[in-house]
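The values are calculated or read from the model by the stated rules, or taken from the named source; none is laboratory data. What you are looking at is a predicted structure, and each value in this text was computed from that prediction instead of being measured. Glycine also receives a Cβ, built like all others from the backbone with ideal geometry; neighbour counts cover every protein chain displayed. Note: accessible area is taken over every heavy atom of the protein model, side chains too, but ligands, DNA and RNA are not part of it. Shrake-Rupley method; radii C 1.70, N 1.55, O 1.52, S 1.80 Å.
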Amino acid sequence: MPGYYDQKDLARFSEIGKDAPELWEKFSQYYGAVFEEGALSEREKALIALAVAHAVQCPYCIDAYTQTSLEKGSNIEQMTEAVHVATAIKGGAALVHGLQMRNRAEQLSM
Amino acid sequence: MTQSLKKRNHPLAIVDAQRRVLSESAGIAPFDARLAEIQLAPLMATGIHTFQINVGKMCNQVCGHCHVDAGPDRKEIMTRETMEQCLAALEKTDAPVVDLTGGAPEMNPDFKWLVDRVVEMERRVIDRSNLTILVAQGYEDIPEFLAGRRVEVTASLPYYLESQTDAQRGEHVFERSIRALQRLNALGYGQSDSGLTLNLVFNPVGAYLPPKQASIEADYKRELQRRYGIVFNSLFTITNMPISRFLDFLIERGTYESYMRKLSDAFNADAANSVMCRTTLSIGWEGTLYDCDFNQMLEMPIGNGGPTHIRDFDVAMLANRQIGIGNHCYGCTAGSGSSCTGSVT
């Protein structure tokens, strides 16, 4: 096993359904429906997915939604801004916990 | 990149090498098998709507995705004698459209002569322009010439941002293309009710499929108007073909297999039914007949006993000919399909 992540595994994603085909089928249908054009465009959904992919740090998702975003007509400027949105929320999420730190420190301190 | 594959003696300049790579595409079904699955094999022409004449490989640009391997160092140019044979053949048909391509077709010294003859025959003429030639020294009169004859201009602009256009087509191409578009607009091209049609062509700046045509057209219209005051009629999305310089790019980046798999996974039976080769006759600079410009660059002339040169044109045989195919054809059948007039579904 050369490493935990292999780029080629993305194309093998459906193999996860081998021992739980009904659950895979339900997941696939749900997944497909989520990304269909709706109140949000396919392009907007792909950009959200790209940002989330960075937030959850999934290399497969980053590969997949970089390609999908390009194929939906987004450009590198827009995609970079989407990553910054993820970064801001992740960074902000860490920072806002600082209030918990301050609250607890205040409780513990004289 | 400033030179063609041919000039650089690149291994892929030998067409056999390209065909070998394409025939050995791992992990995808051969294209003819996919057509057989949908009862479309053998693929047959349904008529001749468009005469697509490639008047030569000479070009003032060396684009990274060019399926022609065109450039300033390519000297292959259609002669007037061959053009006369094209016109004689055209006379024998009611094909309404003559699509002039290259290279930069305007660089053929007999370009204007050919356009005038086709206009006299009252056929719709399309100039497939790279835009920058329209503002190049020695060609500045071409826009007026085209407008005066109501030639339709179909122009390449792979994106509305400078960085991406120049990454594919070369330094300063975007800025010159914008100047050319503004010139065309000033002559009435793309303006409502002028009758002068200006269409733009989007193709991906890399190894991915084009977006939905209507969606990206709306972006182009909004952004080109807002940034440069440019208007145009329609945007055509075209998929990059895995041949010639784009094939070189794919192999060099290690994305050839994944690109072919993407094209194959996106195979669309409706697009296959509507591929442009079924209604197009492609004529090479030497007068050789092909099913499309891509087969032309892969040196796959019309086969199965039909005429192979424009001087032997036979409308009955060619309108119902069997079309030559290969794995590169996945490029025209992926997603919404791809043709010289954009998506086909």
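Is one or more of the residues making up the range B:233-252 of a type in the set (Lys, Arg) and within 30 Å of B:ASP16 (Cα to Cα)?
Yes, there is a match, as at least one residue in the range B:233-252 is of a type in the set (Lys, Arg) and within 30 Å of B:ASP16 (Cα to Cα).
Could you tell me which residue of the range B:8-28 is surrounded by the fewest Cβ atoms within 10 Å (Cβ to Cβ), considering only residues that are among the small types (Gly, Ala, Ser) and at pLDDT 95 or above?
Among residues in the range B:8-28 that are among the small types (Gly, Ala, Ser) and at pLDDT 95 or above, the one surrounded by the fewest Cβ atoms within 10 Å (Cβ to Cβ) is B:ALA17.
Go through the residues of the range B:111-132 one by one and say whether even a single one is surrounded by fewer than 24 Cβ atoms within 10 Å (Cβ to Cβ), in contact (Cβ under 8 Å) with a residue 40 or more places away in the chain, part of a helix (DSSP H, G or I) and among the charged types (D, E, K, R).
No, because not a single residue in the range B:111-132 is surrounded by fewer than 24 Cβ atoms within 10 Å (Cβ to Cβ), in contact (Cβ under 8 Å) with a residue 40 or more places away in the chain, part of a helix (DSSP H, G or I) and among the charged types (D, E, K, R).
Any residue in the range A:48-57 that is of a type in the set (A, V, I, L, M), over 23 Å from A:ASN75 (Cα atoms) and at pLDDT 95 or above?
Within the range A:48-57, not a single residue is of a type in the set (A, V, I, L, M), over 23 Å from A:ASN75 (Cα atoms) and at pLDDT 95 or above.
Being open to solvent by 20 Å² or more (accessible area, probe 1.4 Å) and in a loop (DSSP other than H, G, I, E, B) is the filter here, so list the residues in the range B:229-254 that pass it.
B:GLY229, B:VAL231, B:ASN233, B:ILE238, B:GLY254 - these are the residues of the range B:229-254 that are open to solvent by 20 Å² or more (accessible area, probe 1.4 Å) and in a loop (DSSP other than H, G, I, E, B).
Would you check if B:GLU175 is more than 14 Å from every other protein chain (Cβ to nearest Cβ), under 21 Å from B:VAL98 (Cβ atoms), open to solvent by 60 Å² or more (accessible area, probe 1.4 Å) and not in a loop (DSSP other than H, G, I, E, B)?
For B:GLU175, the condition - more than 14 Å from every other protein chain (Cβ to nearest Cβ), under 21 Å from B:VAL98 (Cβ atoms), open to solvent by 60 Å² or more (accessible area, probe 1.4 Å) and not in a loop (DSSP other than H, G, I, E, B) - is not met.
Find the residue count for the range B:208-228, including only residues that are facing chain A (nearest Cβ under 9 Å) and surrounded by 19 or more Cβ atoms within 10 Å (Cβ to Cβ).
Residues that pass the stated criteria total 6.
Which is of a type in the set (Gly, Ala, Ser) and touching a helix residue (DSSP H, G or I) at 6+ places or on another chain (Cβ under 9 Å), of A:ALA53, A:ALA39?
On inspection, the qualifying residue turns out to be A:ALA53.
Select from the range B:30-69 the residues that are among the basic types (Lys, Arg) and either open to solvent by 50 Å² or more (accessible area, probe 1.4 Å) or in a helix (DSSP H, G or I) (or both) and list them in ascending order.
Within the range B:30-69, B:ARG34 is the sole residue that qualifies.
Which of the residues belonging to the range B:183-195 are closer than 11 Å to B:PRO143 by Cα and surrounded by 14 or more Cβ atoms within 10 Å (Cβ to Cβ)?
The answer is B:ARG183, B:LEU184, B:ASN185, B:LEU187, B:GLY188, B:TYR189.
For the range A:11-63, which residues satisfy the criterion of being more than 25 Å from B:LEU263 (Cα to Cα) and within 14 Å of chain B (Cβ to nearest Cβ)?
A:LEU40
On the given criteria, is A:GLN100 closer than 22 Å to B:PRO210 by Cα and modelled with pLDDT of 95 or more?
no
If you take the residues in the range A:70-92 that are more than 9 Å from every other protein chain (Cβ to nearest Cβ) and of a type in the set (Gly, Ala, Ser), which one is most open to solvent (accessible area, probe 1.4 Å)?
A:ALA88
Within the range B:73-83, is there a residue that is among the polar types (S, T, N, Q), open to solvent by 40 Å² or more (accessible area, probe 1.4 Å), over 17 Å from the mean Cα position of the chain (by Cα) and within 21 Å of B:ASP293 (Cβ to Cβ)?
yes
Of the conditions (1) open to solvent by less than 70 Å² (accessible area, probe 1.4 Å); (2) modelled with pLDDT of 95 or more, A:PHE27 fails just one. Which one is it?
(1)
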